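This report refers to the structure that appears directly beneath it.
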Amino acid sequence: MSLPLAEYTHLLGAYLKPLRSRVSLLAALALAGIGLQLLNPQVIRYFIDTAQIAGAARALLLAAAAYLGIGLAERGISFATTYVSLQVGWAATDALRGDLARHVLRLDMPFHKTHTAGELIERVDGDVTSLADFFAQFVVRTASNLLLVAGILLLLFREDVRAGAILAAYALVTVAALAALQNFGATRWTAARQAWAELTGFLEEHIAGSEDIRGVGAEGYALGKLQRALAALLRQARGGWMANALGFSVTQFLYVIGYGLGLAIGATLYTEGTVTIGTAFVIVYYVSMTAAPLDAIREQAKNLQQATAGIGRVAELFHLRPQVVETPAARLPGGALAVAFDRVAFAYDDEGRRTDDEHAPRNTQYAIPNTQYLALDQISFLLAPSRILGVLGRTGSGKTTLTRLLFRLYDPAVGAIRLGGVDLREVAFADLRDRVGMVTQDVQLFGASVRDNIALFDPAVGDEQMRHALGELGLLDWAEMTLGGLDAELAPAAAGLSAGEAQLLAFTRVLLRDPGLIILDEAASRLDPITEARLERAIDRLLGKTAPPAPQSWGVTDSPKVGGRGASHPRTGIIIAHRLRTVQRADDILILEAGRVVEFGPREQLASDRSSRFYSLLQTGLEEALA
């Protein structure tokens, strides 16, 4: 795998520039270490030559002390270099990890539907972790080791041209061999990184579904897939490690040849009488010294192989761009929001969910591949502010797709969606999230306090605001008695809470933002009667259909204020449900079938019209008719 130099320099520049003071310190430490390594052999030569001519003991003692002092200083600098390089590496990768996670979270739903959470964790964390040595050591250590080799060559040329020339040829051959091996290893490490990501995704998916797997006795099938995933990982990782082993073998073989040549040159020059015994030792010593920096270069080449795989996969993610692009040009108005769908057509791409309904229309007229089913086809309706819309339809009729478009998780291929008269494409994402709230069957709760789960870790939301919101929904006593108050810790994944209790917390989250549009997607299904009754009351208050409880229910004397506004007020609502009771609060009814509107109008009017589809559903029984 070959990456353009720009990919390396961009990452290094972007994430090392904020750390330039530490990088400068690391470079200074590396240069100091090089100087000490080159100096010590000169001290040894002085000691040997002085001892050979029976020099003064004081001179020998000073040389020995200098040797020990230089050695200790070199060890100290090596320790400091390791410490600073680790700081640089982890600081840079932490910043990269944060940027990559932020970018992945902003990508479109089609991307997330084709990549499991486990795979993305491996790519955001595992691939970035593999770059720690690249940031911490590659440039500085590779440059310092090359400088050390260059310094050794210069000193050898000063001692003897033949020795310098032979060692230079040895160094060039070694570097060329490592360069040839680098691309060989990088390709294999890229495949290994992908295999690791797929294994992590497999484990995440199957551990999350362990209850269902055990319930149907599919443990053997899951373990068989795990064995195949591990075998694939072994094949790919083995190629990477074999590339590393090949690099080690090549450098060691070349080192033996180089060291043998150094011994031969030193012995030859000494027997010719050209150099002293000390100088002959220095020549051999310098030749042996080249093994360490060349081996370090080999190690950095191995790191570069793994880094190349990581950089390629990181760059691949960074190069992805969301199809839903934010172009803020207008703000949504305050109060209840009108909702308008104007000839909206939409189809999931091949990587998204497609309906299995055999009656779903295929695209024949829009700028969508004809092979794709239309999730929505020419949808048009207008919902006035403060009115509640009940959306009915069988599974696959387009109900959930409608809500996804309202949140701009996708954009329609044709037509426009307007809230409060403003095209959604002109609204900033933050404004849209503040003014549109949604509660679904599956509520995401975190292993944190009740406070953090309600405020979603926003420190700007105070306890009084949360208590007011709970009180307005009639949930304050429930939160205090059942959950243990705002300070109580919830278990991860809402363990210990029912689906209805999790939805009650989600209602409080929504109310804190005081949105102008509330979307309830199957938010009151499969609940026990007590929780359902509490949930129904909370829905009415959230939609502003009933007055909030008396102030004493909140345990405060002031009138409730949520998000800086007064007590509950009417909001526009969209309710997606299969249950007759849930849509009885609706002002209007929209019935979808195979992505098309088959009926839309006021609920009371449709309920009294014997020819309407809604009337038929009421007579037949809503749950049975929509099953």
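The values are calculated or read from the model by the stated rules, or taken from the named source; none is laboratory data. Model, not experiment: these values are computed from the prediction. Methodologically, a virtual Cβ is constructed for each residue, glycine included, from the backbone with ideal geometry; neighbour enumeration extends over all protein chains shown.
Give just the number: which of (1) closer than 28 Å to Gln87 by Cα; (2) more than 18 Å from the chain's Cα centre (by Cα); (3) at pLDDT 80 or above does Ala168 not satisfy?
(1)
Being at pLDDT below 75 and assigned to a helix (DSSP H, G or I) is the filter here, so list the residues in the stretch 215-227 that pass it.
Gly215
From Arg418, Arg404, grab the single residue that is within 24 Å of the chain's Cα centre (by Cα) and farther than 16 Å from Arg513 by Cβ.
Arg404
Could we say that Ile417 is closer than 22 Å to Asp108 by Cβ and surrounded by 19 or more Cβ atoms within 10 Å (Cβ to Cβ) here?
Yes, satisfied.
Working only within the stretch 267-280, note down all residues that are surrounded by 15 or more Cβ atoms within 10 Å (Cβ to Cβ) and free of Cβ contacts under 8 Å to residues at least 60 places away in the same chain.
Across the stretch 267-280, the qualifying residues are Thr268, Tyr270, Ala280.
Being farther than 19 Å from Ala336 by Cβ and modelled with pLDDT of 70 or more is the filter here; which residues of the stretch 523-538 pass it?
Within the stretch 523-538, Pro529, Ile530, Thr531, Glu532, Ala533, Arg534, Leu535, Glu536, Arg537 qualify.
Yes/no matrix, rows are residues, columns are (1) surrounded by 18 or more Cβ atoms within 10 Å (Cβ to Cβ); (2) in contact with a Leu (Cβ under 8 Å, 6 or more places away or on another chain); (3) within 27 Å of Tyr46 (Cα to Cα):
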residue	(1), (2), (3)
Val287	yes, yes, yes
Thr290	yes, yes, yes
Gln300	yes, no, no
Leu332	yes, yes, no
Asp342	no, no, no
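So is Val256 surrounded by 20 or more Cβ atoms within 10 Å (Cβ to Cβ) and under 24 Å from Asn40 (Cβ atoms) or not?
It is false that Val256 is surrounded by 20 or more Cβ atoms within 10 Å (Cβ to Cβ) and under 24 Å from Asn40 (Cβ atoms).
Pick out the one residue from Asp108, Asp125, Asp99 that is buried (at least 18 other Cβ atoms within 10 Å of the Cβ) and over 24 Å from Ala27 (Cβ atoms).
It is Asp108.
Answer yes if at least one residue in the stretch 240-249 is loosely packed, with under 14 Cβ neighbours inside 10 Å, within 17 Å of Ile297 (Cα to Cα) and over 37 Å from the mean Cα position of the chain (by Cα), and no otherwise.
yes
Please find, among Leu223, Leu317, the residue that is more than 22 Å from Ala150 (Cβ to Cβ), of a type outside the set (S, T, N, Q) and free of Cβ contacts under 8 Å to residues at least 40 places away in the same chain.
Only one candidate qualifies: Leu223.
So if I check each of Gly33, Gly69, Gly55, which one is of a type outside the set (A, V, I, L, M, F, W, C), assigned to a helix (DSSP H, G or I) and either touching a strand residue (DSSP E or B) at 6+ places or on another chain (Cβ under 7 Å) or free of Cβ contacts under 8 Å to residues at least 24 places away in the same chain (or both)?
So the residue among Gly33, Gly69, Gly55 that is of a type outside the set (A, V, I, L, M, F, W, C), assigned to a helix (DSSP H, G or I) and either touching a strand residue (DSSP E or B) at 6+ places or on another chain (Cβ under 7 Å) or free of Cβ contacts under 8 Å to residues at least 24 places away in the same chain (or both) is Gly69.
Quick grid of which residues meet (1) at pLDDT below 80; (2) under 25 Å from Ile34 (Cβ atoms):
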{"residue": "Val104", "(1), (2)": "no, no"}
{"residue": "Gly118", "(1), (2)": "yes, no"}
{"residue": "Val124", "(1), (2)": "no, no"}
{"residue": "Ala136", "(1), (2)": "yes, yes"}
{"residue": "Arg141", "(1), (2)": "yes, yes"}
{"residue": "Leu147", "(1), (2)": "no, yes"}
{"residue": "Ala150", "(1), (2)": "no, yes"}
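Filter the stretch 539-551 down to residues that are part of a helix (DSSP H, G or I), more than 22 Å from Thr400 (Cα to Cα) and either small (Gly, Ala, Ser) or at pLDDT 70 or above (or both), then give me how many there are.
1
Just for the stretch 570-621: of the residues that are basic (Lys, Arg), surrounded by fewer than 20 Cβ atoms within 10 Å (Cβ to Cβ) and assigned to a loop (DSSP other than H, G, I, E, B), which one is nearest to the chain's Cα centre (by Cα)?
Per the criteria, the residue is Arg579.
Quick one: which of Asp377, Asp357, Asp349 is at pLDDT 85 or above and surrounded by 14 or more Cβ atoms within 10 Å (Cβ to Cβ)?
Asp377
Being more than 48 Å from the chain's Cα centre (by Cα) and among the charged types (D, E, K, R) narrows it down to one of Arg75, Arg58, Arg22, so name that one.
None of the other options fit; the residue is Arg58.
Residue-by-condition table, conditions (1) assigned by TED's automatic domain parsing to the domain that holds Leu389; (2) at negative phi; (3) in contact with a Leu (Cβ under 9 Å, 6 or more places away or on another chain); (4) in contact (Cβ under 8 Å) with a residue 60 or more places away in the chain:
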| residue | (1), (2), (3), (4) |
| --- | --- |
| Tyr410 | yes, yes, no, yes |
| Leu424 | yes, yes, yes, no |
| Met438 | yes, yes, yes, yes |
| Gln444 | yes, yes, no, no |
| Ala455 | yes, yes, yes, no |
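Okay, residues lined up against (1) in contact with a Lys or Arg (Cβ under 9 Å, 6 or more places away or on another chain); (2) closer than 30 Å to Gly164 by Cβ; (3) of a type in the set (Phe, Trp, Tyr):
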site	(1), (2), (3)
Glu211	no, no, no
Ala222	no, no, no
Arg238	yes, no, no
Gly247	yes, yes, no
Leu254	no, yes, no
Tyr259	no, yes, yes
